[in-house]
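> Next up is a structure, given as structure tokens.
Read-outs throughout are calculated quantities, based only on the coordinates presented, and are distinct from any laboratory measurement. Because the structure is predicted, anything quoted here is derived from the model rather than measured. For neighbour counting, all protein chains shown are included, and Cβ atoms are generated from backbone atoms with ideal geometry for every residue, glycine included.
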Amino acid sequence: MNDAILTEQIEYYRARAQEYDESITDAADLLAPGKDLLLKLGRFDSILELACGTGIWTETLLQMGNEVTAVDAALEMLEIARKKLGEGRIKYQQADLFHWEPVQKYDLVFLANWLSHVPPDALDQFLEKVQRSVLPGGQLAMIDQYLPSDSDKHVAKDDIYATRLVEDGRQFTIVKAFYDLPYLHEKLGQLEFEVSTNKFTDTFFFLAGKRRS
């Protein structure tokens, strides 16, 4: 793991927090099928959301769960989510997911647009922690890209990295890795999940996995 780039990745999302929601407005329709697939998973007592950002997906998870724990490394992102969604059924937690350790198990663990920010040499460790967060018989769901978009190709750098700008002109290097879906099926199968995937655009996928009891 390149710790310097992972630290820079956090700084990028801290810097981008105030402009994040506006910057992804055009993606709302693109990701709508993913939202529909997520809602079809049903209702859950407890939900863990990793890399919750400004709460865009947290709002959907509130429709599905009695309690949501929302984790993100960027305090600025969490503060925006808190202002939008309140604290009634949400517990916010600031944590760097590469150093975070699960302290309880949940009925559903969800992550959107985060797996592609996990470098390949950290994938096994991260997925193992995710597995430890899911109750036996519980579910895992994720939304991410399986292929780069045209805009991704323009900012790609050194195979698994990308450069990103924020409005004030600062430039950051982040991880942007695109994982082969059969490879993810194999990895998660080794971690006791029965997995299915649905490609809902030319670049995005929805993955759902049930942990064996």
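> With 10 angstrom as the radius, rank T197, T25, T60 by how many other C-beta atoms surround their C-beta, starting from the fewest. Before the final figure, lay out the partial values.
Values: T197 16, T25 8, T60 19.
Going from least to most buried by this count: T25, T197, T60.
> Please give the length that would be gained between E128 and Q18 if that part of the chain were fully extended, namely 0.36 nm times their separation in residues minus their C-alpha to C-alpha distance (nm, one decimal).
Working: separation 110, 0.36 × 110 = 39.60 nm, distance 3.21 nm.
That pair, E128 and Q18, stretches by 36.4 nm at full extension.
> Let me ask something additional. Looking at the chain only, what percent of DSSP beta bridges run antiparallel? Nearest 5 please. Provide the component values of the computation, followed by the final result.
On the way: 21 of 42 bridges.
Once the DSSP bridges in the chain are tallied, antiparallel ones form about 50 percent.
> Label 7 Å along Cα→Cβ of A156; the range 177-196 residues with amide nitrogen under 19 Å?
177-184
> For a test of understanding, tell me how many lysine pairs in the chain have Cα atoms under 21 Å apart, given they are 8 or more places apart or on different chains.
Lysine pairs satisfying the spacing and distance rule in the chain number 22.
> Please work out how much length the chain gains when fully extended from L41 to T7, using 0.36 nm per residue of separation minus the C-alpha to C-alpha distance, in nm with one decimal.
8.9 nm
> Please list, in chain and number order, the residues 5+ apart from L48 or on another chain whose amide H is under 5 Å from its amide H, with Hs placed from the backbone.
Amide H neighbours of L48, under 5 Å, 5+ apart: T69, L108, V109, F110.
> Ok, one more. How would the chain be classified by its alpha-carbon gyration tensor: rounded, prolate or oblate, with rounded meaning a/c under 1.5 and the a/b versus b/c comparison settling the rest? Walk me through the intermediate numbers first.
Numbers: a/c = 1.42, a/b = 1.19, b/c = 1.20.
Here the chain falls in the rounded category.
> Listing H117, H99 from the residue with the fewest other Cβ atoms within 10 Å to the one with the most, what is the order?
Working: H117 22, H99 8.
So the ranking, lowest neighbour count to highest, is H99, H117.
> Computed FRET efficiency, Cβ-Cβ of S149 and D121, R0 25 Å: what is it to the nearest 0.05?
Working: r = 24 Å, r/R0 = 0.97.
Using R0 = 25 Å, I get an efficiency of 0.55.
> Just how far, in whole angstrom, is the range 81-116 from the range 148-213 if you go by their alpha carbon centroids?
Taking the Cα centre of the range 81-116 as reference, the centre of the range 148-213 is 18 Å away.
> Something else now. Compute the relative contact order of the range 97-159 as a whole-number percentage, counting only Cα pairs closer than 8 Å that sit 6 or more residues apart in sequence. Before the final figure, lay out each step's value.
Numbers: 53 pairs, mean separation 28.5, N = 63.
Computed value for the range 97-159: 45 percent relative contact order.
> From the backbone phi of the range 133-145, what are the Karplus-calculated ³J(HN,Hα) couplings (6.51 cos²θ - 1.76 cosθ + 1.60, θ = phi - 60°) in whole Hz, Gly and Pro given as x?
Along the range 133-145, the couplings run 8, 9, 5, x, x, x, 10, 10, 9, 8, 10, 6, 9 Hz.
> So how much slack lies between Q93 and R212, counting 0.36 nm per residue of separation and subtracting their Cα-Cα distance, in nm? Write down the numbers at each step before the final one.
Details: separation 119, 0.36 × 119 = 42.84 nm, distance 2.75 nm.
Gain on extension, Q93 to R212, equals 40.1 nm.
> Can you list the residues of the range 142-176 with backbone N under 18 Å from a point 7 Å past the Cα of S196, pointing along Cα to Cβ?
142-144
> Give me Y146, Y106 ranked fewest to most by other Cβ atoms within 10 Å of their Cβ, as a rough exposure proxy.
Numbers: Y146 19, Y106 23.
With the sparsest Cβ surroundings first, the list reads Y146, Y106.
> So which residue, out of S133, S116, S196, gets the largest mean-square fluctuation from a GNM of the chain using Cα contacts under 10 Å as springs?
Its mean-square fluctuation being the largest, the pick is S196.
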